[in-house]
Amino acid sequence: MSEQEGEPVGIWMGLQAGALIGLYVGFSLATISVLTDAEKINRTISLMCFPPFIGSIILGPFLAKRRKPVKLSRKPLEMAREILEEFNEGQGNWRVLSHVSSDGMNIRIDMHNLKNIEGVVDAALIIAEQSTVKFIVGRGTSKSSSPELRERVLNRVESKVSVLRRTRKAKSIEVKPETSHEYDTYQNKLNKVLFILLPIVSFLAWIEMRN
């Protein structure tokens, strides 16, 4: 495995990508079906349903071989706990094992019972360059257990992160990573393929449906 590539994205992700491409094609064909003969409802429904399955079966195994960038190959929770481990305050207080969790690709950091708030925010923003980080801070009202917590975290985030990457929610502050160069490259390639493929398929389908 090269230094520039990580592990394969996996068959499940490949099937999803293939189904998405099939959905694009199916939607185009279904639109043409409606325009040529709106009364053939069964044909339209079939064109919407079958292409995603066909796309996932045919394209899925090939798309599953695509490799993640190295920075996306490492498990986010493992990396987050390693970076934030130095801020452990001992059993019964703030610790990475009890206050840092994950719901998949997103990292949740409970900021309650923490003394070095700014230090954890700064370290977490390093993680936010690769994964979405959610700072759990409460509502910040006078009835909250830590009414000043939300304001302190928000001020730190706003001073270091652009407005496009941060989101304020009822009980949390969310910071998203910038779109990676690898993702942009992949998305551009996919858009080019669809831009070329869809008109050709649509034209052939239109000719067939007119007959």
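Yes/no per residue for (1) at pLDDT 85 or above; (2) over 20 Å from Lys192 (Cα atoms); (3) part of a helix (DSSP H, G or I); (4) not acidic (Asp, Glu):
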| residue | (1), (2), (3), (4) |
| --- | --- |
| Trp12 | yes, yes, yes, yes |
| Ala17 | no, no, yes, yes |
| Val25 | no, no, yes, yes |
| Glu39 | no, yes, no, no |
| Met48 | no, yes, yes, yes |
| Gly60 | no, no, yes, yes |
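Out of Val133, Val163, which single residue is of a type in the set (A, V, I, L, M, F, W, C) and touching a helix residue (DSSP H, G or I) at 6+ places or on another chain (Cβ under 7 Å)?
On the way: Val163 fails: touching a helix residue (DSSP H, G or I) at 6+ places or on another chain (Cβ under 7 Å).
On inspection, the qualifying residue turns out to be Val133.
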Scan Ser102, Ser159 and give me the residue that is in contact with a Leu (Cβ under 6 Å, 6 or more places away or on another chain) and among the polar types (S, T, N, Q). Ser102
Looking at the range 92-114, is at least one residue outside any loop (DSSP other than H, G, I, E, B), free of Cβ contacts under 8 Å to residues at least 60 places away in the same chain, crowded, with 19+ Cβ neighbours inside 10 Å and more than 26 Å from the chain's Cα centre (by Cα)? no
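Okay, residues lined up against (1) of a type in the set (D, E, K, R); (2) at pLDDT below 90; (3) part of a helix (DSSP H, G or I):
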position	(1), (2), (3)
Ile173	no, no, no
Tyr186	no, yes, yes
Lys189	yes, yes, yes
Lys192	yes, yes, yes
Ser202	no, yes, yes
Trp206	no, yes, yes
Met209	no, yes, yes
From Leu125, Leu198, Leu164, residue being more than 25 Å from Glu78 (Cβ to Cβ) and either assigned by TED's automatic domain parsing to the domain that holds Leu59 or at pLDDT 90 or above (or both): Leu198
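The values are calculated or read from the model by the stated rules, or taken from the named source; none is laboratory data. On a predicted model such as this, the values are computed, not experimentally measured, just so you know. Virtual Cβ from ideal backbone geometry, glycine too; neighbours counted across all protein chains shown.
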